[in-house]
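*Asks:* Before I ask anything, here is the structure I am working with.
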Amino acid sequence: QVWLRESGGGLVQPGGSLRLSCTASGINFKLYTMNWYRQATGKQRELVASITGGGSTNYTNSVMGRFTISRNNVRNTVSLQMNSLQPEDTAAYYCNVHASSSQFWGQGTQVTVSS
């Protein structure tokens, strides 16, 4: 069974930083692209960043240059370093993997950017 568990959310002032982490189990982690999604209240869930098993990354335009996704294939973790946070980054952030023809999600971690 695939499990994803996020940590690291919280309240931060505009311009601040947070680092999210996700630990995965139940998959051969290094083979899979890992994703971070977010969902703000009243909005659709959106893909924020992805990283392949080999370390290639992609970002949505709104976070490019501010967020960095990384992974550790020994510890089965994927992280999202978020800098220069803005109120529009406020959302629940979810770790995701597409494996065995299914989508798997963590429980989410809330990020709130407010003064």
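*Asks:* How many of the residues making up region 66-77 are over 17 Å from residue 45 (Cβ atoms) and in a strand (DSSP E or B)?
*Replies:* Residues flagged as over 17 Å from residue 45 (Cβ atoms) and in a strand (DSSP E or B) within region 66-77 amount to 5.
*Asks:* Something else about it: Considering only residues that are within 19 Å of residue 45 (Cβ to Cβ) and open to solvent by 60 Å² or more (accessible area, probe 1.4 Å), which ones fall in region 102-115?
*Replies:* Narrowing region 102-115 to residues within 19 Å of residue 45 (Cβ to Cβ): 102-113.
Within region 102-115, 103, 105, 107, 110 meet the criteria.
*Asks:* Scan region 5-19 residue by residue and report those that are in a strand (DSSP E or B) and over 11 Å from the mean Cα position of the chain (by Cα).
*Replies:* The answer is 10, 11, 12, 18.
*Asks:* Kindly indicate whether residue 90 is under 18 Å from residue 41 (Cα atoms), over 10 Å from the mean Cα position of the chain (by Cα) and hydroxyl-bearing (Ser, Thr, Tyr).
*Replies:* Criteria met by residue 90.
*Asks:* Further, regarding this structure: Which residue out of 92, 99 is modelled with pLDDT of 95 or more, of a type in the set (Gly, Ala, Ser) and either surrounded by 14 or more Cβ atoms within 10 Å (Cβ to Cβ) or in contact with a Cys (Cβ under 9 Å, 6 or more places away or on another chain) (or both)?
*Replies:* Criteria check complete, one pass: 92.
*Asks:* List pairs: first residue in region 40-62 and more than 15 Å from residue 110 (Cα to Cα), second residue assigned to a loop (DSSP other than H, G, I, E, B) anywhere in the structure, Cβ distance under 8 angstrom, at least six positions apart or on different chains.
*Replies:* What qualifies is 47/60; 49/60; 50/33; 51/33; 52/33; 53/32; 53/33; 53/73.
*Asks:* So how many residues does region 20-65 have that are assigned to a strand (DSSP E or B), of a type in the set (Gly, Ala, Ser) and open to solvent by 40 Å² or more (accessible area, probe 1.4 Å)? Steps first, answer last, please.
*Replies:* Here is the first cut: in region 20-65, the residues assigned to a strand (DSSP E or B) are 20-25, 34-39, 46-51, 57-59.
Right, trim to of a type in the set (Gly, Ala, Ser) and you get 21, 24-25, 49-50.
Right, trim to open to solvent by 40 Å² or more (accessible area, probe 1.4 Å) and you get 25.
The qualifying residues number 1.
*Asks:* Considering each residue of region 94-115, count those that are within 15 Å of the chain's Cα centre (by Cα), in a strand (DSSP E or B) and touching a residue at least 12 places away in the same chain (Cβ under 8 Å), and give that number.
*Replies:* So the count comes out to 11.
*Asks:* Quick one: in region 27-37, which of the residues that are in contact (Cβ under 8 Å) with a residue 60 or more places away in the chain and closer than 13 Å to residue 76 by Cβ is nearest to the chain's Cα centre (by Cα)?
*Replies:* 34
*Asks:* Where residues in region 78-89 are part of a strand (DSSP E or B) and polar (S, T, N, Q), which of them is least open to solvent (accessible area, probe 1.4 Å)?
*Replies:* Within region 78-89, the match that is least open to solvent (accessible area, probe 1.4 Å) is 79.
The values are calculated or read from the model by the stated rules, or taken from the named source; none is laboratory data. Since the model is a prediction, treat every value here as computed from it, not as a measurement. When we count neighbours, we look across all protein chains shown, and the Cβ atoms used for this are built from the backbone with ideal geometry, even at glycine. For accessibility, only protein heavy atoms count, side chains too; no ligands or nucleic acids. Shrake-Rupley method; radii C 1.70, N 1.55, O 1.52, S 1.80 Å.
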